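Comments concern the structure below.
The values are calculated or read from the model by the stated rules, or taken from the named source; none is laboratory data. These figures come from a predicted structure and were not determined experimentally. Here the Cβ positions follow ideal geometry from the backbone for every residue, glycine too, while neighbour counts run over all protein chains shown. Side chains included, ligands, DNA and RNA excluded: accessible areas come from the protein's heavy atoms. Shrake-Rupley method; radii C 1.70, N 1.55, O 1.52, S 1.80 Å.
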Amino acid sequence: MKAVHFGAGNIGRGFVGLLLHEAGYEVVFADVADALIDQLASTPSYDVHEVGEEPAVRTVDNYRALNSRSQEDDVVAEIGSADIVTTAVGPNVLKFLAPVIARGIAGRADGQAPLQVMACENAINATDLLRSEVEQAYEGADLADRAVFANTAVDRIVPNQAAGQGLDVTVETFFEWVIDRTPFAGNVPEIPGATYVDDLAPYIERKLFTVNTGHASAAYFGYAAGVEKIADAMADDAIADRVRAVLGETKQLLVSKHGFDEAEQEAYVQKILRRFTNHHLPDTVVRVGRAPLRKLSRHERFVGPAAELAEQGVHPAALLEAMRAALSFTAPEDPEVAALAEILAVQEPGEATTSITGLAADHPLYASVRELIEQHVQGQPAA
């Protein structure tokens, strides 16, 4: 069995690549980072260090590495004979992979089992996005016969790695890979540790609106307080209380919308909060908080749940405070910080509200977000 995985970074090596390896696949890593691919290609194995409860070290071998820019034809050939293609590159990069994947699918032999494609990204229905891009690039009318596309929800904290660690990756012990089983028509790939469900949407939103919302909230509140690490932010009672308040609001939405048992969701929230306090993970507020413009977009971790609560007549005060903190995130060398600052500088508050969050003026959340943007621009303190 063979899997082609796009994205040889820390998440690719320390999560998706690891699970595919442990499932018995030969993994072909594809990436455009020259030095990383060269190192992978010249090294027979690397270790994944799981830290936290029940720590372990897992060795990954039986892999190869290709440069998807300079060795594109080779990557296409590997896809042609692969069983699975996965990605961990960021949702905005998927459109650049699509032509290569489309070529690989087109080159598969007639009668070959359909390629199983899964985008493992921190975005809702990222595989649908990838499929749409592949459909545009694919020449022919038989794509549905040659490939199946399954959405996934992935969860594992993989922080920035210590200098000099090489290919080894440090990750938390917890992980979750939930996969929509319906596209496979009974032929699901056997991946130990993966969970298959018939309705993925509730699990995607549970993860996004609990893990991602909570993690980003801790980052922005911690950054505002001058704290460097996520675990240290969560050790501050005032910050931890604000994060709990945010997750109390998202729990309310998830229970009412998807029918999760309230006690079960509360236990999930508590587990997530414990993960954020893991001092073995050197995760920083700057790493977690980067890309604030995307995190403040319409269907992302703050505006998404806040908007739905507002539609139910609930005022999402804690989520709005997290958005306020995100607006003040000014970490250097983040292009989205600069883009957000430019929007706030040149657009009036109403226009900026729509530009940043995608909210229409008649949405019940719009006025509250506009107000906090006005206060931010005028330098007013939080209410």
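Kindly check whether there is at least one residue in the range 324-332 that is in a loop (DSSP other than H, G, I, E, B), out of contact with any helix residue (DSSP H, G or I) (no Cβ under 8 Å at 6 or more places or on another chain) and within 30 Å of I11 (Cα to Cα). Yes; the residues of the range 324-332 include at least one that is in a loop (DSSP other than H, G, I, E, B), out of contact with any helix residue (DSSP H, G or I) (no Cβ under 8 Å at 6 or more places or on another chain) and within 30 Å of I11 (Cα to Cα). For the structure I just gave you, tell me whether R275 is touching a Phe, Trp or Tyr at 6+ places or on another chain (Cβ under 7 Å) and among the basic types (K, R). In short, yes. In the range 148-175, the residue that is most open to solvent (accessible area, probe 1.4 Å) out of those that are touching a helix residue (DSSP H, G or I) at 6+ places or on another chain (Cβ under 7 Å) and charged (D, E, K, R) is R156. Note on the range 107-125: residues that are open to solvent by 60 Å² or more (accessible area, probe 1.4 Å), within 22 Å of P202 (Cβ to Cβ) and either free of Cβ contacts under 8 Å to residues at least 60 places away in the same chain or basic (K, R) (or both) total 0.
Within the range 333-365, the residues that satisfy the criterion of being under 24 Å from E308 (Cα atoms), assigned to a loop (DSSP other than H, G, I, E, B) and open to solvent by 60 Å² or more (accessible area, probe 1.4 Å) are A361, D362, P364. Only residues that are touching a Pro at 6+ places or on another chain (Cβ under 8 Å) and crowded, with 21+ Cβ neighbours inside 10 Å were counted across the range 20-33, and they come to 0.
Against the test of being modelled with pLDDT under 95 and closer than 15 Å to G166 by Cα, the options N92, N10 yield a single qualifying residue, N10.
For the range 143-173, a tally of residues being at pLDDT below 90, touching a Pro at 6+ places or on another chain (Cβ under 9 Å) and polar (S, T, N, Q) returns 2. For A82, the conditions (1) part of a strand (DSSP E or B); (2) touching a residue at least 24 places away in the same chain (Cβ under 8 Å) are fulfilled apart from (1). Filtered by the rule that a residue be outside any helix (DSSP H, G or I) and open to solvent by 50 Å² or more (accessible area, probe 1.4 Å), the range 275-318 gives T277, H279, H280, P282, R290, R298, H299, Q312, G313, H315.
Screening P316 against (1) in contact with an Asp or Glu (Cβ under 6 Å, 6 or more places away or on another chain); (2) modelled with pLDDT under 95; (3) not aliphatic (A, V, I, L, M) leaves a single unmet condition, (2).
Would you be able to say whether some residue in the range 319-332 is free of Cβ contacts under 8 Å to residues at least 40 places away in the same chain, closer than 14 Å to Y220 by Cβ and either more than 20 Å from the chain's Cα centre (by Cα) or surrounded by fewer than 19 Cβ atoms within 10 Å (Cβ to Cβ) (or both)? Yes, there is a match, as at least one residue in the range 319-332 is free of Cβ contacts under 8 Å to residues at least 40 places away in the same chain, closer than 14 Å to Y220 by Cβ and either more than 20 Å from the chain's Cα centre (by Cα) or surrounded by fewer than 19 Cβ atoms within 10 Å (Cβ to Cβ) (or both). Out of curiosity, is T250 assigned to a strand (DSSP E or B) and under 20 Å from Y268 (Cβ atoms)? Spelling it out, it is not the case that T250 is assigned to a strand (DSSP E or B) and under 20 Å from Y268 (Cβ atoms). Which of the residues spanning the range 199-229 are surrounded by fewer than 16 Cβ atoms within 10 Å (Cβ to Cβ) and either modelled with pLDDT of 95 or more or assigned to a helix (DSSP H, G or I) (or both)? Within the range 199-229, A201, A225, G226, E228 meet the criteria. Under the condition of being in contact with a Phe, Trp or Tyr (Cβ under 6 Å, 6 or more places away or on another chain) and touching a residue at least 60 places away in the same chain (Cβ under 8 Å), the residues counted in the range 3-14 number 2.
Selection over the range 1-52 of residues that are more than 22 Å from I191 (Cβ to Cβ), of a type in the set (A, V, I, L, M, F, W, C) and in a helix (DSSP H, G or I) gives a count of 4. Within the range 126-147, the set of residues being surrounded by 19 or more Cβ atoms within 10 Å (Cβ to Cβ) and assigned to a loop (DSSP other than H, G, I, E, B) comprises just one member, Y138.
Yes/no per residue for (1) closer than 26 Å to D110 by Cβ; (2) in contact with a strand residue (DSSP E or B) (Cβ under 6 Å, 6 or more places away or on another chain); (3) surrounded by fewer than 17 Cβ atoms within 10 Å (Cβ to Cβ):
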{"residue": "L36", "(1), (2), (3)": "no, no, no"}
{"residue": "V76", "(1), (2), (3)": "yes, no, no"}
{"residue": "A82", "(1), (2), (3)": "yes, yes, no"}
{"residue": "A88", "(1), (2), (3)": "no, no, no"}
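Look at the range 39-59: where a residue is more than 14 Å from Q165 (Cα to Cα) and a partner is assigned to a loop (DSSP other than H, G, I, E, B) and open to solvent by 50 Å² or more (accessible area, probe 1.4 Å), sitting 6+ places away or on another chain with Cβ atoms under 7 Å, you get P44/D61; V51/H280; G52/H280.
Could you run through the range 62-79 and say how many residues are within 27 Å of E22 (Cα to Cα), small (G, A, S) and not in a strand (DSSP E or B)? Counting residues in the range 62-79 that are within 27 Å of E22 (Cα to Cα), small (G, A, S) and not in a strand (DSSP E or B) gives 2.
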